[in-house]
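Have a look at the structure below before the remarks.
The values are calculated or read from the model by the stated rules, or taken from the named source; none is laboratory data. Remember, it's a predicted structure, so these values are computed and weren't measured experimentally. All Cβ positions, even for glycine, are placed from backbone atoms using ideal geometry, and neighbour counts span all protein chains on display. The protein model used for the area step is the full one, side chains on, heavy atoms only, and it has no ligands, DNA or RNA in it. Shrake-Rupley method; radii C 1.70, N 1.55, O 1.52, S 1.80 Å.
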Amino acid sequence: MSGAHQTALAIDALRRGWPVTLGGYDLLAIETGDHERLAAFDPDGTAALLLSAGRAVTLKLTNQRDAADGPVLVGRTPWLDFDMATALADPQFDLSTPLKGPFRAIPLSDPESAAAALQLARIAGLLPAFFVKPATAPGITPADLAEHEDADRLRIVARARLPVDGAEDSEIIAFRTDEMPGEHVALVIGQPDGNPPLVRLHSECLTGDVLGSLKCDCGPQLQAAIKAIRASGWGILLYLRQEGRGIGLINKLRAYALQDQGYDTVDANTRLGFAVDARNFAIAGRMLSLLGQKRVRLLTNNPEKVAQLEATGIAVVERVPHILPANPHNERYLAAKRDRTGHQL
C-alpha cells in the first residue's frame with residue numbers, strides 16, 4: 001500500500017473521529033472527538049494538546065520559549081478536559097468562554113510529525129488541534145503525507161466539449177490523483193494560435209461562484225476571466241479545488257463568522273490556526289504542463305501566484321491585471337488583500 005493511500009485512509013479516520021498515528025505521535029482530532037473517545041484514547045489523562053502557532057498567539061502562549069514558532073504542545077492539566085480543549089481549538093468560543101489556565105507549553109519530541117499533523121488536519125478540513133501521546137504502533141509518516149500532496153501524481157482523466165456562457169468554443173478537462181479528494185478542471189477557451197495562452201488560476205468558491213456571495217469577488221472574477229480569455233483569442237481557466245484558500249468550505253465559513261466579529265480575512269485564518277494562504281499552486285503548474293503549455297500570460301492581481309507558478313517551471317511572460325469594482329459587502333475584504341497579502345488592486 002502506497003504512502004498516499006495510507007494517508008487517504010488516515011484522513012478518512014480523522015473525519016470519523018478515530019485516532020491515527022503519524023510519525024512519533026498518536027493523534028485524536030478535537031473536532032471529531034468526544035468525551036468517550038478521549039477516555040478510550042487516553043485513559044490516564046496524560047495526552048497533551050497540539051495546536052498551531054496561530055492559535056498560540058490568540059491564547060497568549062507565544063511568549064513561552066517552546067511556543068515561539070511552529071506547532072505548540074500544551075501540557076495536560078486537570079482542567080484541560082475535552083470541553084476546555086474544544087474551547088482552545090475553536091475560536092468561535094473565544095468571546096463566550098472564559099479561558100481557564102494557566103497553560104504551559106512543553107517541548108515537542110517530534111516537531112516534524114507535529115507540523116505534519118496540522119497539515120493533515122487542513123487536508124481533512126478539520127480544525128488543526130489534537131490530543132497527542134507518544135506513538136504506540138507504526139503509522140503514516142510525514143513523507144507519506146508529502147506523497148499524498150505531490151502534484152506530479154495528477155493526471156488527465158476525462159475531457160469533453162463544453163460551450164459556456166461567454167465562450168461557446170470551449171473544452172473542459174478533468175484532472176485527479178487516486179487519493180486526493182476533488183477533481184481539478186481546466187476550461188480551454190478558443191483554439192491555440194501559437195501565442196502564450198491567457199491563464200487564470202481560479203480557486204473554488206462555492207459561496208461566490210454558485211450562491212452569488214457579495215462577501216468576496218470570486219463569482220464576478222470567474223465570469224470576467226472567461227470573457228477576458230475569450231476576448232484575448234484563446235486561453236485556459238484552471239478551476240482549482242482549493243476552497244477557502246486551501247482550508248476547506250467548513251473552515252472558510254468559520255472564518256466568515258470571525259469576520260462578522262470584526263476580524264479581517266487574514267486574522268480570521270490565523271485565529272483558526274491556519275496559514276494566511278494554504279493553497280498548492282504546484283497543482284496549477286502540473287495541469288499546464290500536462291496541457292503542453294510552458295509559457296503563459298497570467299491573469300491575476302497576486303504577484304505570489306506569479307512566483308509560485310514560475311517555481312513549477314512555467315514561464316509567466318506577462319502579468320495581466322484582473323480588477324473589478326468593490327461592493328459595500330466586500331470593500332474590507334479587498335482592502336485586506338491589498339494591504340496585507342500584496343494584491344495589486
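Could you grab me the full set of residues in the stretch 267-287 that are under 23 Å from residue 72 (Cα atoms), among the basic types (Lys, Arg) and more than 9 Å from the chain's Cα centre (by Cα)? Full working, then the answer.
Initially, the stretch 267-287 is screened for residues under 23 Å from residue 72 (Cα atoms), giving 267-279.
Now narrow it down to the ones that are among the basic types (Lys, Arg): 271, 279.
Listed by number, the list holds a single entry, 271.
Would you be able to tell me the number of residues in the stretch 134-173 that are outside any strand (DSSP E or B), open to solvent by 40 Å² or more (accessible area, probe 1.4 Å) and not small (Gly, Ala, Ser)?
Result for the stretch 134-173: 13.
Only one of 198, 206, 240 is within 25 Å of residue 118 (Cβ to Cβ) and open to solvent by less than 10 Å² (accessible area, probe 1.4 Å); which?
On the way: 198 fails: within 25 Å of residue 118 (Cβ to Cβ); 206 fails: open to solvent by less than 10 Å² (accessible area, probe 1.4 Å).
Result of the check over 198, 206, 240: 240.
Going through 264, 260 one at a time, which residue ends up being open to solvent by less than 40 Å² (accessible area, probe 1.4 Å), over 13 Å from the mean Cα position of the chain (by Cα) and of a type in the set (Asp, Glu)? Before the answer, list the steps.
On the way: 260 fails: open to solvent by less than 40 Å² (accessible area, probe 1.4 Å).
Within the list 264, 260, the selection yields 264.
Out of curiosity, is residue 179 part of a loop (DSSP other than H, G, I, E, B), among the acidic types (Asp, Glu) and within 13 Å of residue 3 (Cβ to Cβ)?
Working: part of a loop (DSSP other than H, G, I, E, B): yes; among the acidic types (Asp, Glu): yes; within 13 Å of residue 3 (Cβ to Cβ): yes.
When the stated conditions are applied, residue 179 passes them.
Return the residues of the stretch 1-22 that are under 22 Å from residue 90 (Cβ atoms) and part of a loop (DSSP other than H, G, I, E, B); say none if nothing qualifies.
Listed by number, the residues that qualify are 16, 17, 18, 19.
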